[in-house]
Amino acid sequence: MTIRIERIYDNPKGNKGSNSFRILVDRLWPRGLSKENTRIDLWQKDIAPSNTLRKWFGHDEKKWDEFKRKYFKELDKKSKSEMVDEIIKMAKEHSSITLLYGAKEERHNNAVALKEYLEKKTKK
């Protein structure tokens, strides 16, 4: 099972050679991209951090560790843990998934945190 991360703007039509299942994990639809011309297999907007957490974090690198701690706590709640289980199921079925995000910040965003969370959860 492979979990990749990709900024949706870098390749909005998807990697044609890849059979990776593509999941948009942002609460908001990426600006300037149409749903018809973007290869997304699933939009899992409710797996994204709460609006309160997202706004508090603001991609501030100094808040990264605290953001991840708070986000992981959100992911442990029943409503989101069911979505986490669904993503893990998709990853196993497709052998590869790509978590898509729209943020300009490539190292400190919810997709990076979610990937870390999923990898820890599947190693248990």
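The values are calculated or read from the model by the stated rules, or taken from the named source; none is laboratory data. Quick caveat: nothing in here was measured; it's all calculated off a predicted structure. Cβ: placed from backbone, ideal geometry, glycine included. Neighbour counts: every protein chain shown. Side chains are part of the model used for accessible areas, which takes the heavy atoms of the whole protein and leaves out ligands, DNA and RNA. Shrake-Rupley method; radii C 1.70, N 1.55, O 1.52, S 1.80 Å.
Overview of values
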{"read-out": "Cβ-Cβ under 8 Å pairs, at least 6 apart or on other chains, the stretch 70-93 side in contact (Cβ under 8 Å) with a residue 12 or more places away in the chain, far side assigned to a helix (DSSP H, G or I) and aromatic (Phe, Trp, Tyr)", "value": "Tyr71/Tyr117; Phe72/Tyr117; Leu75/Tyr117; Val84/Tyr117"}
{"read-out": "Near pairs, Cβ below 9 angstrom, 6+ apart or cross-chain, from the stretch 113-124 (within 14 Å of Ile97 (Cα to Cα) and acidic (Asp, Glu)) to any residue that is open to solvent by less than 50 Å² (accessible area, probe 1.4 Å) and not in a helix (DSSP H, G or I)", "value": "Glu119/Ile3"}
{"read-out": "Sole residue being open to solvent by 30 Å² or more (accessible area, probe 1.4 Å) and closer than 14 Å to Lys115 by Cα, chosen from Asp85, Asp41, Asp26", "value": "Asp85"}
{"read-out": "Criterion violated by Arg54 - all others in (1) farther than 18 Å from Thr2 by Cβ; (2) in a helix (DSSP H, G or I); (3) open to solvent by less than 60 Å² (accessible area, probe 1.4 Å); (4) at pLDDT below 95 satisfied", "value": "(3)"}
{"read-out": "Residue that is most open to solvent (accessible area, probe 1.4 Å), among those in the stretch 88-124 that are over 20 Å from Asp76 (Cβ atoms) and part of a helix (DSSP H, G or I)", "value": "Lys92"}
